[in-house]
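Structure first, then comments.
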Amino acid sequence: MSFKRINYRRITTFLVIFVLVWMFLLIKDIPKPLKDVRNKLSAAQKYDHIDKEAISQKVDLLFERVSNELEESNRLLLEVQQKLLARHGGGAVRESPKKPVLPVLVVACNRVTVRRCLEQLVKHRPDPETFPIIVSQDCGHNATYQVIKSFVDSDPSISVVLQPNQSDITVPKKMRSLKGYYKIARHYKFALDHVLVTLGHEAVIIVEDDLDISPDFFEYFLGTYPLLSKDPTLWCISAWNDNGKQSLIDLASPGLLHRTQFFPGLGWLLRSGVWGELRPVWPEAFFDDWLRDPAIIKSRSCIRPEISRTYSFGKVGVSKGQYFENHLRHMQLNTQFVHFTKLNLTYLLKENYDRNLRMLLPTLVEMTAPEVKNSYSVAPESVIIIYDSVPEYTRAAKALGLMDDLRGGIPRTGYEGIVTCFIKGRRVYLVPRETLRTI
Ligand SMILES: *[C@@H]1O[C@H](CO)[C@@H](O)[C@H](O)[C@H]1NC(C)=O
Ligand SMILES: *[C@@H]1O[C@H](CO)[C@@H](O)[C@H](O)[C@H]1NC(C)=O
Ligand SMILES: *[C@@H]1O[C@H](CO)[C@@H](O)[C@H](O)[C@H]1NC(C)=O
């Protein structure tokens, strides 16, 4: 790893020197044509006013040339930077320093309720140096900007950047009502580039303007962050449990975490290495479903909590209000502070996690979804519901009140097809029969 770091530094140093020398040579070049101009001037004082014009034209030309060269070298530098980023992607792991800086990117548009989000971030933030807040605003909505600006003006660790491209996006006719999703994808690309490429941070915590957070939100990311550099099969950390309703979680286990191959979003951490890999192929729209495509994510996993560390209070927005009423409204936000940085989280590393499942699953009592739903457990127990097909899974999930949709063959919160939840005093595992053999 340190070998790669040295290489990176050496290349950057080389480039900087190269550009400096280049600029020096350019500047050295300038007097020559100027001298020509001066000679011409004295030789042609008779044609006074005409030659003054010629001089100023020539000087303008020179300026243009120098600034063009500068632009070109800046562009080259950026290109090299991005190539290097991409090379750090995939399984490659960058060493993280003892105390990482994890900026929080707040993605804002035209909702003045961003105030509620920012107030909570400021309130629960343990230390502004570790967690600087960067708001990226799209949509050019002045009232929202004024709210953001009031935070920026009162706190040097909060900054704002405006998405510069406000041009219209032409979308296929049948997609016209979904244009908002195109703008969101464009904004995310700009904002992630800003934090991870332009500012050069090694990771970022992404929240949208309609999220409440739990008191241990920052502690959660700080505690789980080291897992990403220990396990190349992890690509993100999410604060969200897609099946996080009170009736589906173990309220007595706020410290419990899981792996999932279904990208949860809603408060998540991304590292620059993975961004280097995603940015060249970033989609025009629907990026969250794109991040659930096993071909894109290469079947890697995210960490997610048993009890969500975010809560979506946003009702108006691009996604439909109905989804909020039926689903988001009933999600449970964690209230107990868990000291994740002091917990032993090695059980989440793939090898340990798979081994534990391999040992546990064969020992579980088998039940059907209706049996689970219709009886309370008197003693703590874990049960298994085995399924053989997607329709069978969907039926069981519906009966239990779980999200029943899949993306790229992966059920929400799924890990190797396994979905776990906590119902009426029981830990429940829905498991594909095949996984029992392969895990
Ligand atoms: C934005 O709002 C502020 C405060 O209400 C106002 O002073 C300013 O003129 C507005 N700017 C624009 C461009 O509308
Ligand atoms: C602005 O966005 C449009 C649509 O996404 C894109 O085609 C165009 O290249 C962008 N312009 C700039 C300057 O990035
Ligand atoms: C963490 O837990 C694992 C078992 O899951 C154990 O093997 C390991 O020794 C523990 N590490 C520490 C530092 O306690």
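Values quoted throughout were computed directly from the atomic coordinates according to the rules given, and no laboratory measurement underlies them. Quick caveat, the model's predicted, so the values are computed rather than measured. Neighbour counts run over all protein chains shown; Cβ positions are idealised from the backbone, glycine included.
The table below gives the values:
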| quantity | calculated |
| --- | --- |
| Average Cα contact separation per residue, region 105-348, under 8 Å, 6 or more apart, as relative contact order % | 24 percent |
| Region 332-342 - phi-based ³J(HN,Hα) in whole Hz, Karplus 6.51/-1.76/1.60, Gly and Pro as x | 9, 8, 5, 10, 8, 6, 10, 7, 4, 5, 9 |
| In order through region 350-355: 3J(HN,Hα) via Karplus (6.51 cos²θ - 1.76 cosθ + 1.60), integer Hz, x for Gly, Pro | 3, 4, 5, 5, 5, 5 |
| Over region 105-348 - Rg/Rh using Cα atoms and the Kirkwood inverse-distance radius | 0.94 |
| Taking 439, 205 and counting other C-beta atoms within 10 Å, the order from fewest to most | 439, 205 |
| Amide H partners (placed H, <5 Å) of residue 258, local residues excluded | 304, 306 |
| Fraction of the pair-distance distribution of region 130-223 above 16 Å, Cα-Cα pairs, percent | 65 percent |
| Peptide ranges 167-180, 140-153, 338-351, 242-255 listed from the most packed, as the mean C-beta count within 10 angstrom indicates | 242-255, 140-153, 338-351, 167-180 |
| Residue list for region 141-168, given a label point 7 angstrom along the Cα-to-Cβ vector of residue 122 and an amide N cut-off under 12 Å | 147-159 |
| Length released on extending from residue 350 to residue 281, taking residue separation times 0.36 nm less the Cα-Cα span | 22.1 nm |
